[in-house]
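Each remark here refers to the structure printed beneath this line.
The values are calculated or read from the model by the stated rules, or taken from the named source; none is laboratory data. Keep in mind the model is a prediction, meaning the values are calculated, not measured. Heads up, the Cβs are rebuilt from the backbone with ideal geometry, glycines too, and the neighbour counts pull from every protein chain shown. Side chains are part of the model used for accessible areas, which takes the heavy atoms of the whole protein and leaves out ligands, DNA and RNA. Shrake-Rupley method; radii C 1.70, N 1.55, O 1.52, S 1.80 Å.
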Amino acid sequence: MPLPARRRAPARAFALSACAVAGLAATLPAQADTAPPQFPLRDFFRNPEKAYFRLSDDGKWLGFMQPAVGEGGDAKRMNVFVQALEAGKPVGAARQLTRESARDIAIYRWKGNGTVLYEKDFGGDENVRVVAVDVATGKLTPLTPDGGVRAGIVNELVDDPEHILVQHNQRNKSAFDVYRVNVRTGAAALVAENPGNIVDWTADHAGRVRLAVASDGVNNTVLYRASESESFKPLFSTDFRTQVGPTFFDFDNQRFYALSNRGRDKTALVLIDPAKPDTEQVVYAHPKVDLAGVAYSHKRKVLTQADFQAEKPDRHLFDAPMKTIYERLERQLPGQQIILQSASRNEDQFVVASMSDQTPGARYVYDAASDRLSKLGDINPGLPAAQMAQMKPISYTARDGLVIPGYLTLPPGRPAKNLACIVNPHGGPWARDGWGFNPEVQFLANRGYCVLQMNFRGSTGYGREFWEASFGQWGLKMQDDVTDGAKWLVQQGIADPKRIGIYGGSYGGYATLAGVAFTPELYAAAVDYVGVSNLFTFMKTIPPYWEPMRQQMYAMVGNPDDPKDKARLTATSPALQADRIKTPLFIAQGAKDPRVNKAESDQVVEALKKRGVEVQYLVKDNEGHGFHNEENRFEFYAAMEAFFAQHLRP
């Protein structure tokens, strides 16, 4: 059984300061004296031989995924296996439970002891289907419709052995209804019909859907009902900048916890009484960053931890038993980041992940009663941690005075001077980069590049003011933050100004295209991965299930139909400024991408080819928003490696 869901915080969608850079050279990571060997590309991007370990409720079975041939194909895909456990160690032969052949399984979980649930889509179209597998017989039971329907699990109903709550948009492609579904038969009963404006549902601990969040795209209203026989009634409304995201009910099902920035800059964990909805009891708030999620003990009915990340991932622990578990694990796994990934229902056995910025680490079964840690395996034994690069938290000050946090990774065994560097803006854009093992970053560092990841304005986790600073700033101040990061590398003497490349995916792909369109002299090569190019066509082709949030997107990015926004959107759409691009460009795109349509890449490629500008184009017909299948990842990264090597000479 997986640990109780960590509910995440609601999505938030050139004069350098001397103090921002002082002393950097003295604090850069210590690197190896000699450069490590070049490890094979496939060692960075292959599927792990075994990973995603999960415990059944009784702790007697271990689930995991590994590459295996499925039905109707000869390619190995990540499929689910099960194996018996005794004293924390796998015994007997593992048994293949699923036989997917077209695409890796994205996620799975146990339902009790006899059923495994997994989710799959079709060629990257993001129309997710939920399927149940009987562990004893291998019988597959689809729990949600196919045929272009997007679905997901709302609540696993851990106290109900036969049912789960799912949501899907079969009735209305822009709205998700909730159903109680029998995992053995697939029989479904409607629990809550979406009137068209509900963007989130929350069930209490008895599995009754009693909270919802309605949105008109700009204003959000938290709705409540005392029982499923009653109608939802509004508790309070906020504009989208003030976010109150219900996480779960308290343990008598009367009040509810929420991650909220109402009346504050940083998102905190609060407790709300529906009888007094305008009052929040603050349970925990971090003074510098937003909370990212919160977890609780189903057995003991107490809060266990709140997660956050300043420079590195961290947690606040609420109760003594959980503190004891982490203290014991930290003694046995010193210097590692530790995550509890799964637990038995009795919460006496756990799957433990240990990792760092230099390794995806190992996985263990931990027996809390005996304090025994049994190793299940290393996730990527082909990459020695000692020969990987260290990721250093840094910050620099943008031209308007805003401090931009980020991470710098230097190639081991090379002086931090006049390096070929890759500027790597993240996707989202309302997301963030964090500290930890990143195979892309490690691959580039192993090939001799320094890598700069910046959390430009709008990145989540840093509070409401930092997030709101991005509104209406695509291609403007958000792009200045990226540009100023590249110039910071040069000022520090780390980057050779003639050998700076830029690479990003999704919004990071947009920032890549904007970088070569608006600052063409800065970059010697660029790789755009499923990136937005035209803000008009992008906004008009968003998936139907984003429709309730359209007005919010207009407020945060711009409205293509509003004359006040048209000039700005035109000026900041790289496809409409393609005549300014002269940097060699490589573009990769999934043909089935529902978020950033293939036309976003097509129009840039066509415009550049007409002008004779070098552009390399890789399209995969069986991929969507990013390449999921292993063979496509190999092809993409091999092409990127050759492209950057040609133009940046690391």
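Residue 550 passes every criterion in (1) assigned to a helix (DSSP H, G or I); (2) within 30 Å of residue 647 (Cα to Cα); (3) of a type outside the set (A, V, I, L, M) apart from (2). Checked against (1) part of a loop (DSSP other than H, G, I, E, B); (2) open to solvent by 60 Å² or more (accessible area, probe 1.4 Å); (3) among the small types (Gly, Ala, Ser), residue 59 passes all but condition (2). State whether one or more residues within region 424-441 are surrounded by 22 or more Cβ atoms within 10 Å (Cβ to Cβ) and over 18 Å from the mean Cα position of the chain (by Cα). No, that holds for no residue. Applying a threshold of 6 Å to beta carbon distances and a minimum spacing of six or more residues, or different chains, the list of pairs starting in region 220-240 at a residue that is under 16 Å from residue 200 (Cβ atoms) and ending at one that is among the basic types (Lys, Arg) and in a loop (DSSP other than H, G, I, E, B) reads 232/225. So is residue 79 in contact with a Lys or Arg (Cβ under 9 Å, 6 or more places away or on another chain), among the polar types (S, T, N, Q) and assigned to a strand (DSSP E or B) or not? It is true that residue 79 is in contact with a Lys or Arg (Cβ under 9 Å, 6 or more places away or on another chain), among the polar types (S, T, N, Q) and assigned to a strand (DSSP E or B). Scanning region 84-105 for residues that are assigned to a strand (DSSP E or B) and crowded, with 18+ Cβ neighbours inside 10 Å yields 85, 90. Looking at region 243-259 only, could you name the residues that are in a loop (DSSP other than H, G, I, E, B) and open to solvent by 20 Å² or more (accessible area, probe 1.4 Å)? Within region 243-259, 251, 252, 253, 254, 255 meet the criteria.
Looking only at residues of region 484-497 that are in contact with a helix residue (DSSP H, G or I) (Cβ under 9 Å, 6 or more places away or on another chain) and not in a loop (DSSP other than H, G, I, E, B), we find that the one that is most open to solvent (accessible area, probe 1.4 Å) is 491.
Screening region 260-373 for strands (runs of 3 or more DSSP E) wholly inside it with 3 or more residues that are closer than 18 Å to residue 250 by Cα and not hydroxyl-bearing (Ser, Thr, Tyr) returns the ranges 268-272, 280-284, 291-297, 302-309.
Residue 635 passes every criterion in (1) open to solvent by less than 10 Å² (accessible area, probe 1.4 Å); (2) within 30 Å of residue 38 (Cα to Cα); (3) in a helix (DSSP H, G or I); (4) of a type outside the set (A, V, I, L, M, F, W, C) apart from (1). Within region 107-128, if we keep just the residues that are within 18 Å of residue 157 (Cα to Cα) and hydrophobic (A, V, I, L, M, F, W, C), the residue that is most open to solvent (accessible area, probe 1.4 Å) turns out to be 107. Residues that are assigned to a strand (DSSP E or B) and either open to solvent by 10 Å² or more (accessible area, probe 1.4 Å) or of a type in the set (Ser, Thr, Tyr) (or both) were ranked within region 565-619; the one that is nearest to residue 515 (Cα to Cα) is 615. Within region 249-261, the set of residues being under 26 Å from residue 301 (Cβ atoms) and either out of contact with any strand residue (DSSP E or B) (no Cβ under 6 Å at 6 or more places or on another chain) or of a type outside the set (S, T, N, Q) (or both) comprises 249, 250, 251, 252, 253, 254, 255, 256, 257, 258, 259. Only residues that are of a type in the set (Phe, Trp, Tyr) and assigned to a helix (DSSP H, G or I): list them for region 405-449, please. Of everything in region 405-449, just one residue is of a type in the set (Phe, Trp, Tyr) and assigned to a helix (DSSP H, G or I), namely 443. Look at (1) part of a strand (DSSP E or B); (2) of a type outside the set (Val, Ile, Thr); (3) surrounded by fewer than 18 Cβ atoms within 10 Å (Cβ to Cβ) and you find that residue 180 fails only one, number (3). Would you be able to say whether some residue in region 368-379 is touching a Pro at 6+ places or on another chain (Cβ under 8 Å) and open to solvent by less than 50 Å² (accessible area, probe 1.4 Å)? Yes - at least one qualifying residue is present in region 368-379. Being of a type in the set (A, V, I, L, M), touching a Pro at 6+ places or on another chain (Cβ under 9 Å) and surrounded by 19 or more Cβ atoms within 10 Å (Cβ to Cβ) holds for only one residue in 235, 269, and it is 235. The set of residues in region 200-218 that are over 17 Å from residue 272 (Cα atoms), open to solvent by 50 Å² or more (accessible area, probe 1.4 Å) and either modelled with pLDDT of 95 or more or more than 26 Å from the chain's Cα centre (by Cα) (or both) comprises 206, 208. Number of residues in region 397-415 that are out of contact with any Ser or Thr (no Cβ under 8 Å at 6 or more places or on another chain) and under 12 Å from residue 484 (Cα atoms) equals 4.
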